[in-house]
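Student: Here it is, the structure in full.
The values are calculated or read from the model by the stated rules, or taken from the named source; none is laboratory data. Everything numeric here is computed off the predicted structure, so don't read it as measured data. Counting neighbours? That spans all protein chains shown, and the Cβs are built from the backbone with ideal geometry, glycine included.
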Amino acid sequence: MTDLATVLEIWEPVIGLEVHIQLATESKAFSASATGFGAPPNSLTDPTVLGLPGALPSFNVRALELALRLGVATGSKIRARCRFARKHYFYPDLPKGYQISQYDEPLCEDGAVEVMVAGGASGPLERRKVRLQRIHLEEDAGKNTHHGTSSLVDLNRAGVPLCEVVTLPDLHSAADAAEYMRALHRLVRYLGVSEGDMEKGQLRCDANVSVRRRGEDRLGTRTELKNINSFRFVQKAIEHEIGRQVRILEDGGAVERETRLWDASAGVSQPMRSKEEIADYRYFPDPDLPPLTVDGATMRKVITTMPELPAPKLERFVREYGLTFDDAATLTAERELADFLDAAVRAAGNGALARPMASFMLNELLRVLDGRPIGQSPVTPVALAELVGLVASDVISGKIAKDVFTSMWETGDAARVIVERDGLRQISDEATLRSMCEQIIADNPKQVELYRAGKESLLGFFVGLVMKASDGKANPGLTTELMKKLLAGS
Amino acid sequence: MSDELAFAGVVELARRVRAKEVSAREVADAFLSRIDAHDGALGTYLVVDHDGARAQADAVDAAIAGGADPGPLAGVAMAVKDVIVTEGLVTTAASKILAGWVPPYDATAVARLRAAGAVILGKLNCDEFAMGSSNERSAWKPCRNPWDRDRVPGGSSGGSAAAVAAGLAAASLGTDTGGSIRQPAAFCGVVGFKPTYGRVSRWGAIAFASSLDQIGPLARSVGDAARVLEVIAGLDPRDSTSIDQPAPALEAALAAGVAGLKVGLPREYFEGSIDAEVAAAVHAAGAALVAAGAELCEVSLPHTRYALPAYYVIAPAEAASNLARYDGVRFGHRATARELGDMYATTRAEGFGPEVKRRIMIGTYALRAGYYDAYYKKAQQVRALIKRDFDQAFELVDVILAPTTPTPAFAIGEKATPLDMYQTDVFTLACNLAGIPGLAVPVGAATSGLPIGAQLLGRPLDEATVVRAGAVIEAAFGTKRPPAGGAA
Amino acid sequence: MVLTREEVAEIAQLARLALGDAELEVLRTELAAILDHVAALQEVETTGVEPMTHAVPTMLRLRPDTVAASLPVEVALADAPAAKDGCFEVPAIIKAAT
Ligand SMILES: [Mg+2]
Ligand SMILES: [Zn+2]
């Protein structure tokens, strides 16, 4: 067995992902008990969640709206009339013995998720579409934990609304699969469809993986990988599975159609259920739930409250704000970050300031935030706009601006207040600057001599002394010009 | 005194309690002492809530004393089929798998009864999970027909019908999935009302077949049933299949008469195996309607013979699904087992009775991958044709008059095979499949002395017309008590 | 119609019903008789007939996304055959499924 790159010259992986996304609702999909993470076990239940005899489901309008938002964002066809179905299996975390899901009439079909990739080092942006087979609504199950001879069941998560996003087998590398996951994650967070917190299980991924010899049309036998719940695991688990299948095929064996569970700590997958156990879900339309209709008013509400999507936003940041792809990508990775920049540009009333503001965000703000959400920044977009405006209008130097920013972060005061209070205004008055320069020339005759003898690189030395003497307030451009003139002139 | 109260009926009891002629507590005590004295021989109750009933009655009396409106069912002593959940009161669906289960909530229908001033005496015997036509499938004990204790009261709401017939409850709630209110009402000589599907919330009705189940009243008169149905009917947001229509004004329809009404007799209901005395009684009911000014004609419901096969696909399929929740994890019976798979299979094998297992097996068979189209989907298509038959008939007539059952009550143990038993519902199933309202009213007795019932089937949501015709038939035939009030 | 024992056993497994040999045999004949009866449905021409899933045509009513009080944990667990640490307790889920 050689390395993966060599293997992939011969073998083509075919990957489809099924991602479960928790919809950001207050209450559960089919009843009014709260959704929440970290509550004491079984404290978020009611008769419907527990599947008590006589309890019935009633569907949450917010779950529908959020799923529709994702449907619209992915350009999916949305059924005017869809249906809930029951999917039957016995498992302790599944209270009713069936999951309410959708089967032959899903809410959305034939959409696509746009994955943005940089075309080479500085080439143009490239949009790639990963086609979706469907997006359907369903309810989550509870959680089992295993303790030796017994397992414990917590139903807090049972009944939480999910949408399942299923791609066509459109992905051909583990890296692409991970990139798709990132794009989907960003999309649902942008849309407010889900908080997408993977550690809380709000975004969970299963992958269908097969390989075939390049040039072949027929798909190979696929396996389903479950429990790959981080971007890193998606890539690792799929790479591992591709390698495993190729090894089997190259040894003349056959891949078995099975479900495998990814064990992240061991870095391997294991078959999940025994092969003789047939999975027959006995789907049928849920008689407790009449057909779900999506009318014009619902669609209008969804469309009119739709935020700008990440891919167009990234493109706009490059085009209108003149950012590099990488900078735009960083600033659009989180909707809150992008919104911050947009708000700052609006406050500045000057698109030309977008770039310096963006670099301030990237170099200063993100550094001091140190991973915390930007909503916690004491420096608001309006405050940033004012600060960068002061630099642009030569009131302060860029260097001073960094100190002012630190002071803003610490005190919450406005830039102008800090500049005035601390006397940080830039010195641009020519007479003042001239006398400062003359003083420096007078104090350093040796260096002046050297300079005049041809060592022009000493210019920076003189300017630096002026800056130091002025506590950094001297206008560096004017100072340099003056100093040059004075050194040459006398 | 106590027997007189026991047979006074819902409307009369509420009137007397509201007028302070009798206290709710006196009414409750009268029924409780009759139950204590007579129910041992009949087996209509699974649980009698002496303390709870007295407390509810006292609350009604206190409300009246305080000048509050005690509601249209003030002090009316009622009981509820054991498939309808009652907060704090053991509810088992007459199944071992739910032995000792105390629900933490009330069914909407029960909550509405309580809010209307009714007093809940206890839980009534029935076939396990409402699967049966004779009440012989109760896991706990048999229930007997007050007219002849060697005969079945019918089912599955057998206890609900027998208790009302024997004066052990002024009225009761039953559920009707394929005739389970109307058939026992006919066997016990009382009125049974299956409303339009969606009229009464199913929240808290332990599901048998979700697309067919409806809660409805059993009572001693059409007026009593109308009063109870008005109270429990109406939109409930917790049941997505409940219909957003105001409760029908049924009491107003009682005296409206049938002058000018067109009544259809479905040809197919008289062609097969129907007892001659039953057929004659139904025709006599038709004559009573004609005498009151209605017009009678024959109608055809050509898919009638497919109602039974369609039902025995749809109902078991939905039942198999609905009963998947009985797994021994969160409530009810659990078998001792070291391994989870064993725990499931043994719990369910021990907890469910043979009829329930049979239906789970049929339903599971019909829903298997590759079988859905040939069974469930096909049955739902045939169901659409059965509904179409009714739609076409209702273009010609306002209400349909038909026998409720092919024969009067049969003997305990008489129906030997499952199919023999299923055939006893042959006239009631189509009503559930079509979702239309059906009212069973007594139309006299056979020479054996056993009651005979006729049923009136109406357009969807048109319970009022059904009540108009029912009241006229009731006036012609009267309401009878079993010998010695069923206490003999 | 003929049902094999294996078929009946397979259905019982899907339905999680532990059935003894005698029970399986009885069910085999009973199910066959019922399925024979039900086979009459195949006589009916249903091409183009929309399956009826609800008796009265209704559209799904939607519930506002508001929270109501949950059941207290002790109520949720009140009837549990076995409970531990605020959870429902079941025999260990076999290793292969973990
Ligand atoms: Mg899936
Ligand atoms: Zn799913």
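Student: Determine, yes or no, whether B:Ala315 is within 22 Å of B:Ser138 (Cβ to Cβ), aliphatic (A, V, I, L, M) and in a helix (DSSP H, G or I). Break it down stepwise before answering.
Tutor: Values: within 22 Å of B:Ser138 (Cβ to Cβ): yes; aliphatic (A, V, I, L, M): yes; in a helix (DSSP H, G or I): yes.
Here the answer is yes, as B:Ala315 does meet what is asked.
Student: Sort through A:Leu225, A:Leu219, A:Leu249 and tell me the only one that's in a helix (DSSP H, G or I) and outside the structural domain of A:Phe340 (by TED's automatic domain parsing). Give the steps one after another, and end with the answer.
Tutor: Details: A:Leu225 fails: in a helix (DSSP H, G or I); A:Leu219 fails: in a helix (DSSP H, G or I).
Exactly one residue qualifies, and that residue is A:Leu249.
Student: Here's a follow-up. Within segment A:194-201, is even one residue under 24 Å from A:Val7 (Cα atoms), at pLDDT 90 or above, in contact with a strand residue (DSSP E or B) (Cβ under 7 Å, 6 or more places away or on another chain) and not polar (S, T, N, Q)? Before the answer, list the steps.
Tutor: Of the residues in segment A:194-201, the ones under 24 Å from A:Val7 (Cα atoms) are none.
Within segment A:194-201, none of the residues are under 24 Å from A:Val7 (Cα atoms), at pLDDT 90 or above, in contact with a strand residue (DSSP E or B) (Cβ under 7 Å, 6 or more places away or on another chain) and not polar (S, T, N, Q).
Student: Which one is farthest from the other protein chains (Cβ to nearest Cβ) among residues in segment B:73-113 that are buried (at least 21 other Cβ atoms within 10 Å of the Cβ) and among the charged types (D, E, K, R)?
Tutor: B:Arg112
Student: Taking B:Phe331 as meeting all but one of (1) touching a residue at least 60 places away in the same chain (Cβ under 8 Å); (2) among the aromatic types (Phe, Trp, Tyr); (3) assigned to a helix (DSSP H, G or I), write down the number of the exception.
Tutor: For B:Phe331, the exception is condition (3).
Student: Among the strands (runs of 3 or more DSSP E) contained in segment A:124-215, which hold 1 or more residues that are closer than 30 Å to A:Arg247 by Cα and either within 16 Å of ligand 2 (Cβ to nearest atom) or among the aliphatic types (A, V, I, L, M) (or both)? Working first, answer last.
Tutor: Details: elements: A:125-139, A:143-147, A:150-154, A:161-167, A:203-213.
Output list reads A:125-139, A:161-167, A:203-213.
Student: Of the conditions (1) assigned to a strand (DSSP E or B); (2) within 14 Å of chain B (Cβ to nearest Cβ); (3) surrounded by fewer than 23 Cβ atoms within 10 Å (Cβ to Cβ), A:Tyr91 satisfies every one except a single condition; which number is it?
Tutor: Going through (1) assigned to a strand (DSSP E or B); (2) within 14 Å of chain B (Cβ to nearest Cβ); (3) surrounded by fewer than 23 Cβ atoms within 10 Å (Cβ to Cβ) one by one, A:Tyr91 breaks only (1).
Student: A further question follows. Could you tell me which residue of segment A:42-56 is nearest to A:Leu187 (Cα to Cα), considering only residues that are within 9 Å of chain C (Cβ to nearest Cβ) and outside any loop (DSSP other than H, G, I, E, B)?
Tutor: In this case the residue turns out to be A:Val49.
Student: Can you find a residue that is closer than 21 Å to A:Ala177 by Cα, in contact (Cβ under 8 Å) with a residue 24 or more places away in the chain and more than 14 Å from chain B (Cβ to nearest Cβ) anywhere in segment A:286-297? Break it down into steps so the answer makes sense when it comes.
Tutor: Applying the first criterion (closer than 21 Å to A:Ala177 by Cα) to segment A:286-297 yields none.
The answer is no, given that none of the residues of segment A:286-297 is closer than 21 Å to A:Ala177 by Cα, in contact (Cβ under 8 Å) with a residue 24 or more places away in the chain and more than 14 Å from chain B (Cβ to nearest Cβ).
Student: Taking C:Arg63 and the conditions (1) free of Cβ contacts under 8 Å to residues at least 12 places away in the same chain; (2) surrounded by 14 or more Cβ atoms within 10 Å (Cβ to Cβ); (3) more than 9 Å from chain B (Cβ to nearest Cβ), which numbered condition does it fall short on, given that it satisfies the others?
Tutor: So the condition that C:Arg63 fails would be (3).
Student: Next question, about the same structure. Residues in segment B:276-283: is at least one away from every other protein chain (no Cβ under 14 Å), surrounded by fewer than 22 Cβ atoms within 10 Å (Cβ to Cβ), not aliphatic (A, V, I, L, M) and not in a loop (DSSP other than H, G, I, E, B)?
Tutor: yes
Student: Something else: So, in segment B:116-139, of the ones that are in contact with a strand residue (DSSP E or B) (Cβ under 6 Å, 6 or more places away or on another chain) and assigned to a loop (DSSP other than H, G, I, E, B), which residue ends up surrounded by the fewest Cβ atoms within 10 Å (Cβ to Cβ)?
Tutor: B:Asn125
Student: Moving on to the next point. Do we find a residue being within 12 Å of chain A (Cβ to nearest Cβ) and either farther than 30 Å from B:Pro266 by Cβ or in contact with a helix residue (DSSP H, G or I) (Cβ under 8 Å, 6 or more places away or on another chain) (or both) anywhere in segment B:303-314? Give the derivation first.
Tutor: Within segment B:303-314, the first condition is being within 12 Å of chain A (Cβ to nearest Cβ), and the residues that meet it are B:313-314.
So of that shortlist, the ones also either farther than 30 Å from B:Pro266 by Cβ or in contact with a helix residue (DSSP H, G or I) (Cβ under 8 Å, 6 or more places away or on another chain) (or both) come out as B:313-314.
Yes, segment B:303-314 contains at least one residue that is within 12 Å of chain A (Cβ to nearest Cβ) and either farther than 30 Å from B:Pro266 by Cβ or in contact with a helix residue (DSSP H, G or I) (Cβ under 8 Å, 6 or more places away or on another chain) (or both).
Student: For segment A:426-459, give me each residue that is surrounded by fewer than 17 Cβ atoms within 10 Å (Cβ to Cβ) and in a loop (DSSP other than H, G, I, E, B).
Tutor: Correct list: A:Ser428, A:Asp429, A:Asn444, A:Ala453, A:Gly454, A:Lys455.
Student: Further question on the same structure: Within segment A:104-118, is even one residue touching a helix residue (DSSP H, G or I) at 6+ places or on another chain (Cβ under 8 Å) and either closer than 23 Å to A:Lys87 by Cα or within 16 Å of ligand 1 (Cβ to nearest atom) (or both)? Outline the logic, then answer.
Tutor: First pass over segment A:104-118, keeping only residues touching a helix residue (DSSP H, G or I) at 6+ places or on another chain (Cβ under 8 Å): A:107-108, A:111, A:113-118.
Next cut, either closer than 23 Å to A:Lys87 by Cα or within 16 Å of ligand 1 (Cβ to nearest atom) (or both) only: A:107-108.
Yes; the residues of segment A:104-118 include at least one that is touching a helix residue (DSSP H, G or I) at 6+ places or on another chain (Cβ under 8 Å) and either closer than 23 Å to A:Lys87 by Cα or within 16 Å of ligand 1 (Cβ to nearest atom) (or both).
Student: Give segment C:16-41 a look and list any residue that's free of Cβ contacts under 8 Å to residues at least 12 places away in the same chain, facing chain B (nearest Cβ under 7 Å) and not in a loop (DSSP other than H, G, I, E, B), or say none.
Tutor: Matches in segment C:16-41: C:Glu30, C:Ala33, C:Ile34, C:His37, C:Val38, C:Ala40, C:Leu41.
Student: Which of the following residues is within 25 Å of the chain's Cα centre (by Cα) and over 15 Å from B:Val441 (Cβ atoms): B:Leu289, B:Leu265? Break it down into steps so the answer makes sense when it comes.
Tutor: Working: B:Leu289 fails: over 15 Å from B:Val441 (Cβ atoms).
Just one listed residue meets the conditions, B:Leu265.
Student: Consider segment C:42-60. How many of its residues are crowded, with 18+ Cβ neighbours inside 10 Å and outside any loop (DSSP other than H, G, I, E, B)?
Tutor: Counting residues in segment C:42-60 that are crowded, with 18+ Cβ neighbours inside 10 Å and outside any loop (DSSP other than H, G, I, E, B) gives 0.
Student: Anything in segment A:371-415 that is acidic (Asp, Glu) and either modelled with pLDDT of 90 or more or surrounded by 14 or more Cβ atoms within 10 Å (Cβ to Cβ) (or both)? List them, or say none. Before you say what the answer is, go through the steps one by one.
Tutor: Start the filter on segment A:371-415 by keeping residues that are acidic (Asp, Glu), which leaves A:386, A:394, A:403, A:410, A:413.
Hits for segment A:371-415 are A:Glu386, A:Asp403, A:Glu410, A:Asp413.
Student: In segment A:5-25, what residues are away from ligand 2 (no atom under 12 Å from the Cβ), β-branched (Val, Ile, Thr) and either without any contact (Cβ under 8 Å) to a residue 60 or more places away in the chain or assigned to a strand (DSSP E or B) (or both)?
Tutor: Hits for segment A:5-25 are A:Thr6, A:Val14, A:Ile15.
Student: Using the structure shown, decide if A:Phe30 is within 14 Å of chain B (Cβ to nearest Cβ), free of Cβ contacts under 8 Å to residues at least 12 places away in the same chain and either in a loop (DSSP other than H, G, I, E, B) or more than 16 Å from ligand 2 (Cβ to nearest atom) (or both). Give the derivation first.
Tutor: On the way: within 14 Å of chain B (Cβ to nearest Cβ): yes; free of Cβ contacts under 8 Å to residues at least 12 places away in the same chain: no; either in a loop (DSSP other than H, G, I, E, B) or more than 16 Å from ligand 2 (Cβ to nearest atom) (or both): yes.
No, not satisfied.
Student: Mind checking which residues of segment A:57-79 are in a loop (DSSP other than H, G, I, E, B), within 11 Å of chain C (Cβ to nearest Cβ) and out of contact with any Phe, Trp or Tyr (no Cβ under 8 Å at 6 or more places or on another chain)?
Tutor: Looking only at segment A:57-79, we keep the residues that are in a loop (DSSP other than H, G, I, E, B), and these are A:57-58, A:74-76, A:79.
Next, from what is left, pick out any that are within 11 Å of chain C (Cβ to nearest Cβ): A:57-58.
Answer for segment A:57-79, where residues must be in a loop (DSSP other than H, G, I, E, B), within 11 Å of chain C (Cβ to nearest Cβ) and out of contact with any Phe, Trp or Tyr (no Cβ under 8 Å at 6 or more places or on another chain): there is none.
Student: Report, by residue number, each residue of segment B:95-135 that is touching a Pro at 6+ places or on another chain (Cβ under 6 Å) and over 22 Å from B:Ile232 (Cβ atoms). Spell out the reasoning first.
Tutor: Initial filter on segment B:95-135 (touching a Pro at 6+ places or on another chain (Cβ under 6 Å)): B:105, B:116-117, B:135.
Within segment B:95-135, B:Asn135 is the sole residue that qualifies.
Residue by residue, here is whether (1) of a type in the set (Val, Ile, Thr); (2) away from chain C (no Cβ under 14 Å); (3) in contact (Cβ under 8 Å) with a residue 40 or more places away in the chain holds:
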site	(1), (2), (3)
B:Pro184	no, yes, yes
B:Ser201	no, no, yes
B:Phe208	no, yes, yes
B:Ser221	no, yes, yes
B:Arg227	no, yes, yes
B:Ser242	no, no, yes
B:Val263	yes, yes, yes
B:Tyr269	no, yes, yes
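Student: Inside segment B:403-488, counting only helices (runs of 4 or more DSSP H) that do not spill past its ends, which hold 2 or more residues that are of a type in the set (Asp, Glu) and either touching a strand residue (DSSP E or B) at 6+ places or on another chain (Cβ under 8 Å) or within 14 Å of chain C (Cβ to nearest Cβ) (or both)? Even if it seems obvious, please write down each step before you answer.
Tutor: Numbers: elements: B:418-423, B:429-434, B:463-477.
Ranges flagged: B:463-477.
Student: Still on this structure: Of all residues being among the small types (Gly, Ala, Ser) and under 20 Å from B:Ile473 (Cβ atoms) in segment B:380-402, which is nearest to the other protein chains (Cβ to nearest Cβ)? Just the residue, please. Write out each step before concluding.
Tutor: Going through segment B:380-402, the residues among the small types (Gly, Ala, Ser) turn out to be B:384, B:393, B:402.
Still in the list and also under 20 Å from B:Ile473 (Cβ atoms): B:393, B:402.
On the way: B:Ala393: 16, B:Ala402: 18 Å.
The qualifying residue nearest to the other protein chains (Cβ to nearest Cβ) is B:Ala393.
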